[in-house]
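Below is one structure; the comments refer to it alone.
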Amino acid sequence: MDGPVAVTGAGGRLGRALLESLGGRAGPGIGWSRPGFDLDDPTSGERLLERDRPRVVIHAAAWTDVDGCARDPELAHKRNGAAVGALARACAARAASLVLISTNEVFDGQLRGRGYREDDAAAPINAYGASKLAGETAAREAFRAAGVGGVGDAVGAGDADGAGGAQGGAALWIIRTAWLFGPPGADFPARILAAANRLPPGALLPGVIDEVGSPTLSSDLADAIVSLLATAPPGIYHLVNGGMASRYAWAERVLARFRGGRPGLQAVSRSQFQRASEPPAWAVLDASLAASLGIHLRDWEAAFDAYAVGSGASEQ
Ligand SMILES: NC(=O)c1ccc[n+]([C@@H]2O[C@H](COP(=O)([O-])OP(=O)(O)OC[C@H]3O[C@@H](n4cnc5c(N)ncnc54)[C@H](OP(=O)(O)O)[C@@H]3O)[C@@H](O)[C@H]2O)c1
């Protein structure tokens, strides 16, 4: 099938990186954002599909305010669950493939010692994770009901029609990632630097020691998604930079790079941070399925160093 690749949430961290990656490698990318594409208007995707006739829609838009989702789980479900179902049905009806971006927060974070694999059981512990899992389920049901290629019950490399991207027909990919950083807006490094700048002289910055994840550079993820679409069968994939870090270790790296290691950090636990949403303690994803297909992301430290060279997250 011919046609462009459309990206929802085009102004967001991942959406913007995806449009850049697509630009050079996969033909034209079209950005869909508000007001034309609106998660609060379930028919907006249908209208844009009719207008632009993309062969693939990468759905990066979501209500990503995890604390907001905790305060209003119903709205979270509408935006991250039901709206995905509507988009998936519209895609399947027009034989357009869908790439749904999902999250480590579909897992409960109780695992230790290895990253979550694609076939580990999802069991979200907060409203954001539950709403994103509802989106995964709705997309799978839509593609299954339409009888076109998608993610089977046995997850992992897909069960659908034809490996090697969408050329075999409409298909569904679900890509889970974690702890994104990169422009625009206040990502974790920028927030750490802003907090460091507000601190009185001599004070220590709290760093959470018992929350561990896979920091992932949005442009690395975008490149990996574009490569995956060109080569891998439909299915569920975990895509993150290599390695893992606690929030403490990541903050330490940020401060070392931008502030000569000052201020120092004080190790605190998650329970000392009051917030509406409880994050999973273990947010590490295992990306070896994608790596086995040749899609390999560098370690997060290398990604962070590359980002730091040209970053706006300097001394703010
Ligand atoms: N950030 C992370 O650490 C992380 C981790 C795991 C998975 N993810 C997933 O990765 C994807 C991309 O995340 P991101 O970090 O790029 O998020 P982001 O920077 O917050 O961008 C989200 C995008 O969604 C759009 N959006 C929000 N509410 C909308 C609505 N009601 N209607 C239409 N568009 C709406 C936003 O549009 P505006 O620009 O108009 O606000 C924005 O472009 C999401 O699916 C997210 O769940 C993110």
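The GNM of the chain, with springs linking C-alpha atoms under 10 angstrom apart, assigns the highest mean-square fluctuation among Pro189, Pro54, Pro200 to Pro200. For the chain, modelled as a Gaussian network with Cα springs under 10 Å, which listed residue fluctuates most, Pro280, Pro184, Pro234? With Cα springs under 10 Å in the chain, the top fluctuation among Pro280, Pro184, Pro234 is at Pro184. Here the sum of -39500 (n - 2.57) over DSSP H runs of 4 or more residues, divided by the residues of the chain, equals -11000 deg cm²/dmol at 222 nm, to the nearest 500.
Return the single residue from Asp38, Asp119, Asp299 with maximal mean-square fluctuation; model: Gaussian network over the chain, springs between Cα atoms under 10 Å. Fluctuation is largest for Asp119. Accessible area per residue for the chain, computed on protein heavy atoms with a 1.4 Å probe, is 41 Å².
Each residue, Ser269 and Arg191, gets one label point 7 Å from its Cα in the Cβ direction; the gap between the two is 2.1 nm.
Between the residues Ala122, Ala83, Thr64, the greatest Cα displacement towards the positive end of the dipole of region 63-152, with unit charges on the Cβ of Lys, Arg, Asp and Glu, is found for Ala83. For the chain, the Cβ-based charge dipole about the Cα centre amounts to some 540 debye (Lys, Arg positive; Asp, Glu negative; other atoms uncharged). Here the chain is treated as a Stokes sphere of Kirkwood radius computed over C-alpha pairs; at 20 °C and 1.002 mPa s its diffusion coefficient rounds to 108 µm²/s. For region 210-316, applying the loop criterion from DSSP together with a ceiling of 11 other beta carbons within 10 Å to the trypsin sites (Lys or Arg not before Pro) yields Arg275.
Largest first, the three principal axis extents of the alpha carbons in region 48-157 are 43, 32, 19 Å in whole numbers. Computed from point charges on the beta carbon alone (+1 for Lys and Arg, -1 for Asp and Glu), the dipole magnitude for region 7-62 about its Cα centre is near 260 Debye. Built from the Cα atoms of region 184-316, the convex hull projects on average onto 9.0 nm², one quarter of its surface area.
Only Cα pairs under 8 Å and 6+ residues apart enter the sum, and on that basis the relative contact order of the chain stands at 20 percent. Relative to one another, the C-alpha centroids of region 192-248 and region 28-50 are positioned 28 Å apart.
Share of carbon and sulfur in the accessible area of the chain stands at 51%, probe radius 1.4 Å.
What residue among Pro234, Gly12, Ala145 has its Cα farthest toward the positive end of the dipole of the chain, where the charges are +1 on Lys, Arg and -1 on Asp, Glu, each on the Cβ? Projecting each Cα onto the dipole axis, the largest value belongs to Gly12. Counting only Cβ charges, +1 for Lys and Arg and -1 for Asp and Glu, the dipole size of region 202-316 around its Cα centre is about 300 debye. Extension gain for Arg112 to Ala145 (0.36 nm times residue separation, less C-alpha to C-alpha distance): 8.2 nm. Structural descriptor for region 171-237: relative contact order 60 percent, calculated from alpha carbon pairs under 8 angstrom and at least 6 residues apart.
Putting +1 on Lys and Arg Cβ atoms and -1 on Asp and Glu Cβ atoms, find which of Pro200, Tyr248, Ile225 reaches farthest to the positive end of the dipole of region 193-260. Checking the options against the dipole of region 193-260, the answer is Pro200. Residue-wise HN-Hα couplings along region 284-291, as the Karplus relation 6.51 cos²θ - 1.76 cosθ + 1.60 with θ = phi - 60° gives them from phi, are 8, 10, 8, 9, 6, 5, 5, 4 Hz; Gly and Pro carry x.
The values are calculated or read from the model by the stated rules, or taken from the named source; none is laboratory data. Just so it is clear, the structure is predicted and the values come from calculations on it, not from any experiment. Here Cβ is always computed from backbone atoms with ideal geometry, including for glycine, and neighbour counts include all displayed protein chains. Surface accessibility is based on the protein's heavy atoms, side chains included, excluding ligands, DNA and RNA. Shrake-Rupley method; radii C 1.70, N 1.55, O 1.52, S 1.80 Å.
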